[in-house]
């Protein structure tokens, strides 16, 4: 039998045993406890557990957006029931690992956010504990043994699903590459970080924007980009030298990160120019981010060997339209950036949005 996901994640017989050892699931009594979990907790109550699980998800907006039709909902419930009925059974072989890895890959393909996906495991874990029958609860040792096994086996499942989720994300990016021969090299390129600023580099920024733009068009969710340029950077290099210029770039990058929101992508696009990718962000919120970043750069002078160096940033903001490509979107943000430079620098300017914003 083939195990493509296990192979992709490097999970052979040896590494599977190592994973089980780390979770203390490599003892004979753990196999027995898996059967007890099925016989005493899951099998008698599986429908109630699945009902409670999906009732909790019904209040999650992101879940309802993804699972919008009854057929999908019904299929997911069926898969969840089968998943539960196999939980803890033959968990020490590759087939079990392959099935758990497949769960993560399917959820990534369906567009389920990883944060939501991981939280559902905690919910499932709690439901299993809540459904431990009273006769086990009244036996302190038996209850503790069952509780510890539930925590361990769900931790194994979550680790495998998260592993394949991340692997599937990488695979999705590789599908857009022009040639499979260049896959490894291009992935290496995507992963490269700018060594000076610790931000993502130019190559990564364009690939990230390409994927994000297509996703925004598909979801019809707003997307903004900001092109930002450090004002008078050439003068700083000429006056103080390139080592000071490098320190300026590092400080500016750190201040950008502190002013941006969690999840905003900031890349060093080239030289003293930076690209921000703001997912699910319209012009109003994008302008707020840009102004906050501009103010953060400008609020403190840089101190270097007794010298005080004023820093400021010009920013151009553009919102994606349905007809935009990566190039056209960046070009419109660039035009807005040039407008900010012409307006005297240290300001934000917004590019007009063509008809048909995403």
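A short reminder: the numbers here are calculations on the coordinates, not readings from a lab. Every value quoted in this text rests on a predicted model; they were computed, and no experiment measured them.
Taking every Cα-Cα distance in region 269-358 and sorting them into 10 Å bins starting at zero, the pair-distance distribution P(r) comes out as 16, 46, 26, 9, 3, 0 percent. Here the average projected area of the convex hull drawn through the C-alpha atoms of region 4-174 stands at 10.1 nm². For region 1-57, the square roots a ≥ b ≥ c of the C-alpha gyration tensor eigenvalues yield an a/c of 1.5 or more together with a/b not exceeding b/c, which makes the shape oblate. Beyond 18 Å, what percent of the Cα pairs of region 46-120 remain? The share of Cα pairs beyond 18 Å in region 46-120 comes to 43 percent.
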